[in-house]
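**Student:** Quick one: this structure, given as structure tokens, is what I'll be asking you about.
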Amino acid sequence: MNEMEEQVISLSEIFEAIKKRWIMIVAITLSATLISGILSFFVIKPKYEANTKVFIGKEEGENKAYNQGDVIMYQQLMKTYSETIKTKDLISKALKEVGLKLKVEDVLRNLTVVTVADTQILEVKYKSNSPQEAKVVIEGISDEFIKTSKELVPNGNIQIIEAVEVPEKPVSPNKKMNIAIAFLLGLMVSLGLVFLLEYLDNTYKNKEQLEKELDIPVLGVIPDVDIL
């Protein structure tokens, strides 16, 4: 019974603290949400992602039937091909071919090469503030990769199986997600601040609290009187 009573009192104190400082909670939460919305819609530049898929297999003149050893070998080669695409020399040559004056380091930072699990397919992705630039970069890298791979593995067969298209919608920022996260963070921070202020406040608000803390009865209360 005592534990239940203490729990009820504790909850009532929490609600009282929230009620007392609800304006601060609303202000902080709305401010965080508003700032996130402004950043997402007007400050952060949208990024577009172009991608292509490359198939890696046998040379066209070879027997097209794949045995288990062939499949395992090409799947093991996927890591080598993936790292080849991300070399500075290849990127530099690709940029030169397409006539783009971009820094190789910037391109590598926005380039992603993914090996599709249990396949002989590589997916190459590139993010840019310009959808057209993203498409051109991916095309240049794909063409240069095919040339370089022929030098590394002469009997390999590299084919583009998904053509590059100009991306229509940005992949970032995720405006709805950013706003939702900002709202939750603002709410958590404001509630944490409320509880911290309540914890630091060592004044007694009423006689019930005084009796509870000091375990002594209150003999009298001095009322507030307006002096004219």
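Each reported figure results from applying straightforward, stated rules to the coordinates on display, with no laboratory input. Remember, predicted model here, so these are calculated numbers, not experimental data. As a convention, Cβ positions derive from the backbone with ideal geometry for all residues, glycine included, and neighbour counts pool all protein chains shown.
**Student:** On a full-extension model of 0.36 nm per residue, what is the gain between ALA27 and LEU108, subtracting their alpha-carbon distance, rounded to one decimal in nm?
**Tutor:** On the way: separation 81, 0.36 × 81 = 29.16 nm, distance 4.18 nm.
Stretched out fully, the ALA27 to LEU108 stretch lengthens by 25.0 nm.
**Student:** Report the label-to-label distance for ALA180 and GLU165 in nanometres (one decimal), using points 7 Å from each Cα along the Cα→Cβ vector.
**Tutor:** For the pair ALA180/GLU165, the computed spacing is 2.6 nm.
**Student:** I would also like to ask the following. Quick check: residue separation of VAL43 and LYS147 times 0.36 nm, minus the Cα distance between them. What number comes out in nm? Don't skip to the end; give the middle numbers.
**Tutor:** Working: separation 104, 0.36 × 104 = 37.44 nm, distance 4.01 nm.
Separation in residues times 0.36 nm, less the Cα-Cα distance, equals 33.4 nm.
**Student:** Any idea how far the Cα center of segment 142-167 sits from the one of segment 17-54, in Å?
**Tutor:** Taking the Cα centre of each part, segment 142-167 and segment 17-54 sit 41 Å apart.
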